[in-house]
Amino acid sequence: MKLTNGILVLMLITSLLSFSQKNKIITISNSLNTDREFETVEISKTSLRLKASDKLEYYRVKELGTSTYLISQCVDENGDGINDVLLFQPKIKALATKKYEIVLTVLDIIKEPTIFCYSRFVPERTDDYAWENNKVAFRTYGPVAQKMTEDKVKGGTLTSGIDAWLKRVEYPVLNKWYEKYTTGTGTYHKDTGEGLDNFHVGDSRGIGGVAVKVDSMYYYSKNFISWKTITTGPLRTSFTLTYADWDAKGNKIKEVKHISLDYGSFLSKFEIEVSGTNTISTGITLHNNDGKTESNLKAGWIDYWQPIDDSELGTGIVFPKNTMISAEKYMNPNKELCNLYAALKVVNNKVTYYTGFGWKKQGEFTTKEAWENYLTNYATKINNPLIVKIK
């Protein structure tokens, strides 16, 4: 017999009332003497002790004792078609503790948020892979662009370096800028109020490309050969890029990048799976070497503050505690090979770091000191994560 809408609603209400007696309480503590925001908390389906048949996307996060729901996002991390991680971003005052509730709710009562964190493969522009959030945007290059270069076809790109798109608006621009390019109605190389791509990568590491140093030389991969988008949404986009095995003076290197970018962050998180080496380097291009470099081994970051057209740009990489071994300002007659490198320990075939930029015209970092303060604070936070307890 077909159920009426009224009966369906009654069943749902009954289910909600039943669940409300055993809602999970999330207690989040901030151990630092600074306010915290734009940090993503991950709650697994397993930690909530949900049944396999329960759909994680039916659950929401709200402040305990209030009717205030937080923006959240569900992610299928293992690619089996079932969401297994719930994301949200709390705001926690210095040295404070705050409680949240995981609530089974009706999806329609909460407005779908804007997808600020977005990434995709871009076949209409050869074969880029590009990603952005509300602060920054990046891209890198695929096998078609590599083959075009090797075959001396105009328009190709051969590099595993990471490109920066300097945006200065909060809303998404990636699809809009590519559409201007493909339709011939404009160019993303000119700033018409939203930002532009005036960051040259070439053979450099761009912002966060990897390399392996053997003796006094740096070796690195070519373009990625495959990609997989994991998630896009209001709080995070993530994806993987796989590279063909490459040679570092007789050492066979395997490389897979798992890249994610969260809402409010100026840095992408790079989790590199690598084999064939005990150390790996990551670098930022020095372009014309007319800026100022800094390497802070104690805090765990490197950066470069440089003039760029009629503005200035800070680029940087942040590392978890005790993973950065050393830094080197590597110079070469070919300026595209000049990079500020940091050498990192490879532990269990993995390396993690955070890389990105702050553009003066965007407005949040108008001096080198402001940019470096951001990097220092970022490093402090990743080394002292929010303490999450589930009851």
For this session: Take Glu57 and decide whether it is open to solvent by less than 50 Å² (accessible area, probe 1.4 Å) and closer than 19 Å to Ile390 by Cβ.
Result: no
Exercise. Right, Ser260: assigned to a strand (DSSP E or B), more than 16 Å from Ala164 (Cα to Cα) and either touching a residue at least 12 places away in the same chain (Cβ under 8 Å) or touching a Pro at 6+ places or on another chain (Cβ under 9 Å) (or both) or not?
Worked result: no
For this session: Go over the candidates Thr157, Thr105, Thr140, Thr97 one by one and state the one that is touching a strand residue (DSSP E or B) at 6+ places or on another chain (Cβ under 9 Å) and modelled with pLDDT under 95.
Result: Thr105
For this session: Kindly check whether there is at least one residue in region 329-342 that is surrounded by fewer than 24 Cβ atoms within 10 Å (Cβ to Cβ), in a strand (DSSP E or B) and out of contact with any strand residue (DSSP E or B) (no Cβ under 9 Å at 6 or more places or on another chain).
Result: no
Exercise. Counting only residues that are surrounded by 14 or more Cβ atoms within 10 Å (Cβ to Cβ) and either of a type in the set (Gly, Ala, Ser) or in a strand (DSSP E or B) (or both), which one in region 215-224 is nearest to the chain's Cα centre (by Cα)?
Worked result: Phe224
Problem set entry | Out of Arg236, Arg168, sole residue that is on the phi < 0 side of the Ramachandran plot and in contact with a helix residue (DSSP H, G or I) (Cβ under 8 Å, 6 or more places away or on another chain) | Arg168
For this session: Kindly establish whether Lys147 is assigned to a helix (DSSP H, G or I), out of contact with any Ser or Thr (no Cβ under 9 Å at 6 or more places or on another chain) and either open to solvent by 10 Å² or more (accessible area, probe 1.4 Å) or in contact (Cβ under 8 Å) with a residue 24 or more places away in the chain (or both).
Result: yes
Exercise. Quick one: which strands (runs of 3 or more DSSP E) sit completely within region 77-136 and have at least 2 residues that are closer than 14 Å to Gly264 by Cβ and open to solvent by less than 50 Å² (accessible area, probe 1.4 Å)?
Worked result: 85-88
Seminar exercise, completed: Across (1) surrounded by fewer than 21 Cβ atoms within 10 Å (Cβ to Cβ); (2) not in a strand (DSSP E or B), Glu273 clears everything bar (2)
Exercise. Restricting attention to region 343-370, and to residues there that are more than 18 Å from Ile284 (Cα to Cα) and of a type in the set (Val, Ile, Thr), which single residue is most open to solvent (accessible area, probe 1.4 Å)?
Worked result: Val347
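The values are calculated or read from the model by the stated rules, or taken from the named source; none is laboratory data. These figures come from a predicted structure and were not determined experimentally. Note: ideal-geometry Cβ built from the backbone for every residue, glycine included; neighbour counts use all protein chains shown. Surface accessibility is based on the protein's heavy atoms, side chains included, excluding ligands, DNA and RNA. Shrake-Rupley method; radii C 1.70, N 1.55, O 1.52, S 1.80 Å.
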